[in-house]
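Read through the structure below, which is laid out as structure tokens, and then see the notes.
The values are calculated or read from the model by the stated rules, or taken from the named source; none is laboratory data. Just so we're clear, the structure is a prediction, and the values are computed from it rather than from any experiment. All Cβ positions, glycine included, derive from the backbone under ideal geometry; neighbour counts span all protein chains shown. Surface accessibility is based on the protein's heavy atoms, side chains included, excluding ligands, DNA and RNA. Shrake-Rupley method; radii C 1.70, N 1.55, O 1.52, S 1.80 Å.
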Amino acid sequence: MVSSPVEEALRHEVAFWAKRGGLLFKQARHAASLNQKALADVSGTSRTTLSAYEHGRKSPTLETAGRILDAAGFRLALEAKIEFAAEVGADGRTFHVPSRLPRLPVAAALGVLRLGERVFDLADRDERRAAYVALLSEGSPQELLGHVDGVLLVELWDELILPPDIRAGWWPLVEEARHEAGVVN
């Protein structure tokens, strides 16, 4: 039997998500310091089935995935996807603007950033300000997602010295966040 390109693409997509889901189970289990048997017992599944999930050989229902993650001390959550638009500044360099402002875990938002030769301690407000100027001006989408926290950006926004085109690109996101928070300018 010959499968169509659409069926083949769908099969690859399912396999990709099965493996990615398996990694989530494995990460949750390790974070909870549980072996497969212990997590399987607590979540009401078998060790062999959990192993099949972790290795992407089987895909659980959402209900089962939620139950396994809950047993490991995590919850299944829906997170909005962030996409980026590449814009060209007046100087000819490209900068990236997200579709929404990301929220980061505290460890990432206040961690250490290595950007080229520069190192920034994001827990230090002055260094975070300098890092955000660099990131908004020249950061890749991955760097922006990994180090720019939307709440901290909005809080620093008026202090950031940015080229006008970069400020204009990010301004609607900052304004939307301020509006949602009820902040009046």
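Filtering the stretch 121-167 down to residues that are in contact with a strand residue (DSSP E or B) (Cβ under 9 Å, 6 or more places away or on another chain) and without any contact (Cβ under 8 Å) to a residue 12 or more places away in the chain, which residue is nearest to residue 88 (Cα to Cα)?
130
Residue 100: in contact (Cβ under 8 Å) with a residue 60 or more places away in the chain, among the basic types (Lys, Arg) and open to solvent by 70 Å² or more (accessible area, probe 1.4 Å), yes or no?
So residue 100 passes the test.
Just checking, which of 59, 43, 140, 99 is of a type in the set (S, T, N, Q) and touching an Asp or Glu at 6+ places or on another chain (Cβ under 6 Å)?
So the residue among 59, 43, 140, 99 that is of a type in the set (S, T, N, Q) and touching an Asp or Glu at 6+ places or on another chain (Cβ under 6 Å) is 99.
Within the stretch 74-96, work out how many residues are exposed (fewer than 13 other Cβ atoms within 10 Å of the Cβ) and farther than 30 Å from residue 162 by Cβ.
3
Hey, among 46, 33, which residue is surrounded by fewer than 11 Cβ atoms within 10 Å (Cβ to Cβ), more than 17 Å from residue 76 (Cα to Cα) and modelled with pLDDT of 90 or more?
On inspection, the qualifying residue turns out to be 33.
Could you please let me know if residue 73 is at pLDDT 95 or above and closer than 21 Å to residue 31 by Cα?
yes
Return yes or no: is residue 18 surrounded by 17 or more Cβ atoms within 10 Å (Cβ to Cβ), modelled with pLDDT under 90 and more than 30 Å from residue 154 (Cα to Cα)?
Here the answer is yes, as residue 18 does meet what is asked.
Of the conditions (1) more than 27 Å from residue 11 (Cα to Cα); (2) over 23 Å from the mean Cα position of the chain (by Cα); (3) surrounded by fewer than 19 Cβ atoms within 10 Å (Cβ to Cβ), residue 52 satisfies every one except a single condition; which number is it?
Every condition holds for residue 52 apart from (1).
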